[in-house]
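The values are calculated or read from the model by the stated rules, or taken from the named source; none is laboratory data. None of these values were measured; they are calculated from a predicted model. Here Cβ is always computed from backbone atoms with ideal geometry, including for glycine, and neighbour counts include all displayed protein chains. Heads up: the accessible areas ignore ligands, DNA and RNA and are worked out on the full protein's heavy atoms, side chains in. Shrake-Rupley method; radii C 1.70, N 1.55, O 1.52, S 1.80 Å.
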Amino acid sequence: AQSVSQHNHHVILSEAASLELGCNYSYGGTVNLFWYVQYPGQHLQLLLKYFSGDPLVKGIKGFEAEFIKSKFSFNLRKPSVQWSDTAEYFCAVILTGGFKTIFGAGTRLFVKA
Amino acid sequence: DTAVSQTPKYLVTQMGNDKSIKCEQNLGHDTMYWYKQDSKKFLKIMFSYNNKELIINETVPNRFSPKSPDKAHLNLHINSLELGDSAVYFCASSSQGSGNTIYFGEGSWLTVV
């Protein structure tokens, strides 16, 4: 069955620490990959996406993600987090050309000022 | 202009009532969705329409009925509301031309008392 796993459910970091959130997927085919962020009380907003090409993609607010096909992974990174990065982060996957996007369970990030 | 707009934003209603949530997108997308986010932030797809045709219908009680009068609108009607229906309902849209990148509305916070 198709699935998306985010291994870290809660992450607490101090400001300026580096961030890496894990995402693994189980899909039989070519996929498009996404990371979304949901700030408290708000809707999901697109951080970055990968369709093809350079497996290292850069998104908004200094975030980047690396697609490693052999590991079925798409981990999100940020070199130095800020208090304003406190939010829920969702990894999402869709089969290329498909209609059904599957979301991971989310990772709640809390950044201490 | 809000790209995906849904109304109402907040809805408090009693058990057994019937309610509707409306959604409109001005992005020119051909696919629209309803997602449900529970109190643990888990995001689950409920329905999807492509060019007014229902293409995804997950295991959702038949008290929930979507309606898409045209490509830009997707409404959700809920009959006989139950306590467990309390959640945030997100409307979203996408187009195959952009790899089905999903763009979310701001959410409708439904509380059933």
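Shape summary: chain A maps onto an equivalent ellipsoid whose semi-axes, from the alpha-carbon gyration tensor, are 24, 14, 12 Å in decreasing order.
With a cap of 10 neighbouring Cβ atoms within 10 Å, and only residues DSSP puts in a loop, list the trypsin sites (Lys or Arg not before Pro) found in the range B:22-80. Loop-located and lightly packed - B:40.
Taking a threshold of 30 Å on the Cα-Cα distance, which of the pairs A:78/B:41; B:9/B:52; A:61/B:67; A:71/B:71; A:71/B:67 fall above it? Distance filter (> 30 Å) returns A:61/B:67; A:71/B:71; A:71/B:67. In terms of Cα atoms, the Rg and Dmax of the range B:1-111 work out to 13.2, 42 Å.
Charging the Cβ of each Asp and Glu at -1 and of each Lys and Arg at +1, and nothing else, the dipole of the range A:53-113 about its Cα centre rounds to 100 debye. Dimensions of the protein assembly as shown along the principal axes, based on C-alpha atoms and rounded to the nearest Å, stand at 48, 39, 37, largest first. For residue A:8, the residues 5 or more places off, or on other chains, whose built amide H falls under 5 Å of its own are A:22.
For the range B:69-113, compute Rh as the Kirkwood radius over C-alpha pairs and then the Stokes-Einstein diffusion coefficient at 37 °C and 0.692 mPa s; write the answer in µm²/s, rounded to an integer.
262
The HN-Hα couplings worked out from phi for the range A:14-31 by the Karplus form 6.51 cos²θ - 1.76 cosθ + 1.60 (θ = phi - 60°) are 8, 3, 6, 6, 8, 10, 9, 10, x, 8, 10, 10, 10, 9, x, x, 6, 10 Hz, whole numbers, x standing for Gly and Pro. Seen from residue B:81, the other residues with C-beta closer than 15 Å to its C-beta sum to a net charge of 0, counting Lys and Arg as +1 and Asp and Glu as -1. With K and R counted +1 and D and E -1, the other residues having a Cβ less than 14 Å from that of residue A:55 yield a net charge of +2. Each part reduced to its alpha carbon centroid, the range A:23-89 and the range B:55-83 end up 29 Å apart. Of the residues B:104, B:21, B:87, the one whose Cα sits farthest toward the positive end of the charge dipole of chain B, with +1 on the Cβ of Lys and Arg and -1 on the Cβ of Asp and Glu, is B:87.
Chain A against chain B buries an accessible area of about 1800 Å², both chains summed, 1.4 Å probe radius.
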